[in-house]
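Please treat every number below as a calculation from the coordinates, not as lab data. The model shown is predicted, which means the values in this text are computed figures rather than measured ones.
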C-alpha cells in the first residue's frame with residue numbers, strides 16, 4: 001500500500017511541476033513587485049504567481065498544525081483510555097468466570 005501512495009505522490013508532484021512550467025511559459029512578462037515598501041526582483045509574472053501560491057500553501061499548512069497536533073494528542077489519550085478500559089473488562093470477565 002505504501003508503494004501505491006508513493007507512486008501517487010510522485011505522479012501528483014510531476015503534474016504540479018508540469019503545471020508550474022506551463023504557467024511560467026504562458027506568463028513571460030516581467031513585472032516589478034513591491035512588497036511592504038521594498039522593491040523585489042523583476043521576474044516573470046508566472047514565477048510570481050507560483051511563489052504566491054507556494055507561500056499561501058505553506059502558510060495554510062502552518063496555520064493548520066496546532067489543530068492537527070491537538071487532535072493527535074487527543075487520539076493518543078483516548079487510545080490509552082480504551083486500552084485501560086479493555087484491560088479492566090478482561091479483568092472483570094476473568095473474575096466473574098472464576099466465581
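Between helix 45-98 and the chain, what is the angle of the helix's C-alpha long axis to the longest principal axis, kept within 0 to 90° and rounded to the nearest 10?
On a 0 to 90 degree scale, this one is about 0.
Using Cα atoms only, what is the angle between the long axis of helix 2-26 and the major principal axis of the chain, expressed in degrees (0 to 90) to the nearest 10?
20
Cα atoms only: what Rg and Dmax, in Å, come out for the chain?
Computed over the Cα atoms of the chain, radius of gyration and Dmax are 26.0, 85 Å.
Let me have the 222 nm mean residue ellipticity of the chain computed from DSSP H runs of 4+ only, each contributing -39500 (n - 2.57), with the sum over all residues rounded to the nearest 500.
The helix contribution divided over the chain gives -29500 deg cm²/dmol.
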